[in-house]
Amino acid sequence: MRLHIDGQQIDAKPGQSLRELIVALGLERAALSDRPLAAKIAGEVFTLNYIPVRQTEPAGERQSIRRAMAASNGQVHLLRYSDAAGRDVYNRTAQFVIFLALRQLYPEATAKITCKVGNSVFIKVSNGLSFSAEKVKERVAELVEQDIPLIRRRVSLSDAIAHFQADGLDDKVRLLKWRSADYFDEYAYGDFADYYYGEMMPSTGYLRAWDIRSADGGFIFVYPDDRDADRVAPYRESPNFFNVYAEGERWCELMECETVADLNDLTTSGRIRELIRVNEALHEKRFGQIADMVCQRGAKAVMLAGPSSSGKTTSANRLATQLRVHGKKPILMSLDDYYIDRDKIAPGPDGKLDLEHINTIDTELFRADMERLLRGEEVELPSFDFVTGRRQWKGHKLKLYESSVIIVEGLHALNPAMLPDHVPSNLVFRLYVSPLLPLNLDDHNRIPTSYLRLLRRIVRDYETRGASVQHTLSMWDSVRRGEQRWIFPYQEHADVILNSSTLYELAVLKKHIFPLLTAVEPEDACYEQVRNIVKVLNFVQEADVDDEIPPTSLVREFIGGNSFYRK
């Protein structure tokens, strides 16, 4: 079969793997930044161990692989670390090696992947009486040096459950009992087997850039730098974020919902309604505590930022409600009204407008307005017309009084460029909002924060803007790049980080999103992204409990029925 691999032609012989073909074409590289890690064929991601032309006629699931190859007309696109899907493949391989090393060193220990901050992830280790992060680092380095082939195999679901049960991995056993298919894919080495719901690299030797750092209760694994994959990403201490994740774990324990299997049990038993009530009460208590801190400081402005679909608008309104309990008169402002006229923004190198760049905001005007407002002067505020792409002046004037508190919501709200240096620190309170979901699939598979935000955005865009799944996913990479540049560098500087996730919402969102996802065809460019979403949702039991969700809930910002939007 003739293949076109990154534009180069080659005839694939029966039994040849993609990895062998890449070497034959001279596309193999030593540097991680240039090295192919996996391949995309007809919208799906495949391991480089994949064999395009088999020696014998395949059967069952193998036929779908042939269809994908035929559907691509022999076109193969190689994925590298610079591709989001390539990074996912690298990260899964790293997880396999980490947990293999732990199993070999500390077979009695329980290890759990918890939170990811930037380019690092925290692995919590318990029952490892003589645990040493340095020993884990040495063992991982040995496994990488051995260049162990990583071959995926298919086993029956009953065999997988029996295997994990014998290993004492009850978290995996409970999760797999919710799997509808009668088979399970896994990667194995010796008597160790695991799976991370996606393809991995061909062998352990591909792990070229990584580091392990000691931490209380476990260790931190550091991935490559996104901008230079050949070196380890710089590690930055993030105590505020780790504290929020720790709080999330305490909430999980309190609500008896630490994994998807726990959530499914609550859903099928009907106790998910109690979960909703307790989770919403915890949120309300947290907003009340933040209002207390704002008032105790005597702040006149709350700068509220967060990534896409984190619930910033609802958070601003709920905080405003709590401030009114203190006798304050909150005023909601949006940084969107300080956009520069579209025709005055210089396009980027690609000829397009980067509307998430801070240069699209009139920071000079905003700083001047804030300075005057905090001095007690009256200011006329601008309004931005998104239809015409121009700023308007409608005579909207504002002056702060003794009981006034401004809540400024926007992408760049935590950027130091938004406020003059000489504004007294006690007058400004910085709040960062993000849905830091502490719920895991199992101990070795966390659900990324970005995953929940993407689900929220797909549902909201469809319900309120009539946008398709394809449209939302086509913009997601650009949104993520903007967050990496303009939000995440400042999140640790917030006075408070608010976890806006709810433990019940995956079950609620599934009802709204699953029909949209299953309608996406294999030929769609976003098919692989949709497959990755579905892989998680397949384990989640749908909950029809919208009537239990309060109208002021953060979840209502995405599924509809939010009372803050009512006129």
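The values are calculated or read from the model by the stated rules, or taken from the named source; none is laboratory data. This structure is a prediction, so every number in the text was calculated from the model and none was measured. Cβ coordinates were reconstructed from backbone atoms using ideal geometry, including for glycine residues, and neighbour counts include every protein chain displayed. These area figures cover heavy atoms from the full protein model, side chains too; ligands, DNA and RNA do not enter into them. Shrake-Rupley method; radii C 1.70, N 1.55, O 1.52, S 1.80 Å.
Taking the condition of being open to solvent by less than 20 Å² (accessible area, probe 1.4 Å) and either under 18 Å from the mean Cα position of the chain (by Cα) or hydroxyl-bearing (S, T, Y) (or both), how many residues in the stretch 200-219 meet it?
Of the residues in the stretch 200-219, 3 are open to solvent by less than 20 Å² (accessible area, probe 1.4 Å) and either under 18 Å from the mean Cα position of the chain (by Cα) or hydroxyl-bearing (S, T, Y) (or both).
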With the condition kept exactly as written, say whether any residue in the stretch 343-358 is of a type in the set (V, I, T), assigned to a helix (DSSP H, G or I), closer than 21 Å to Q484 by Cα and open to solvent by 30 Å² or more (accessible area, probe 1.4 Å). no
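Can you tell me which residues in the stretch 460-495 are of a type in the set (G, A, S), open to solvent by 20 Å² or more (accessible area, probe 1.4 Å) and touching a residue at least 60 places away in the same chain (Cβ under 8 Å)? Working first, answer last.
First pass over the stretch 460-495, keeping only residues of a type in the set (G, A, S): 466-468, 474, 478, 482, 494.
Now restrict to residues that are open to solvent by 20 Å² or more (accessible area, probe 1.4 Å): 466, 468, 474, 478.
Answer for the stretch 460-495, where residues must be of a type in the set (G, A, S), open to solvent by 20 Å² or more (accessible area, probe 1.4 Å) and touching a residue at least 60 places away in the same chain (Cβ under 8 Å): just S478.
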When only residues in the stretch 522-567 that are at pLDDT 90 or above and of a type in the set (G, A, S) count, which is farthest from K285 (Cα to Cα)? A543
Any pair with Cβ under 6 angstrom, 6 or more apart, that starts in the stretch 357-372 at a residue that is touching a residue at least 24 places away in the same chain (Cβ under 8 Å) and of a type in the set (D, E, K, R) and ends at one that is assigned to a loop (DSSP other than H, G, I, E, B) and open to solvent by 10 Å² or more (accessible area, probe 1.4 Å): D362/I340; R367/P420; E371/P420
Can you confirm whether R430 is of a type in the set (K, R) and either crowded, with 16+ Cβ neighbours inside 10 Å or touching a Gly at 6+ places or on another chain (Cβ under 7 Å) (or both)? yes
If you check L498, L554, which single one turns out to be surrounded by 21 or more Cβ atoms within 10 Å (Cβ to Cβ), touching a Ser or Thr at 6+ places or on another chain (Cβ under 6 Å) and over 27 Å from R179 (Cβ atoms)? L554
For the stretch 501-531, which residues satisfy the criterion of being charged (D, E, K, R), under 12 Å from E542 (Cβ atoms) and surrounded by fewer than 19 Cβ atoms within 10 Å (Cβ to Cβ)? K511
Taking R457, is it at pLDDT 90 or above and open to solvent by 10 Å² or more (accessible area, probe 1.4 Å)? yes
Taking the condition in contact with a helix residue (DSSP H, G or I) (Cβ under 8 Å, 6 or more places away or on another chain) and either at pLDDT below 95 or assigned to a helix (DSSP H, G or I) (or both), does E284 pass? yes
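Which one of Y189, Y223 is aromatic (F, W, Y), more than 24 Å from the chain's Cα centre (by Cα) and buried (at least 19 other Cβ atoms within 10 Å of the Cβ)?
It is Y189.
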Selected residue (criterion: nearest to R213 (Cα to Cα)) from residues of the stretch 94-132 that are surrounded by fewer than 17 Cβ atoms within 10 Å (Cβ to Cβ) and of a type in the set (G, A, S): S132
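When you check H396 against the structure, is it open to solvent by less than 10 Å² (accessible area, probe 1.4 Å), in contact (Cβ under 8 Å) with a residue 12 or more places away in the chain and closer than 28 Å to L353 by Cβ, yes or no?
Spelling it out, it is not the case that H396 is open to solvent by less than 10 Å² (accessible area, probe 1.4 Å), in contact (Cβ under 8 Å) with a residue 12 or more places away in the chain and closer than 28 Å to L353 by Cβ.
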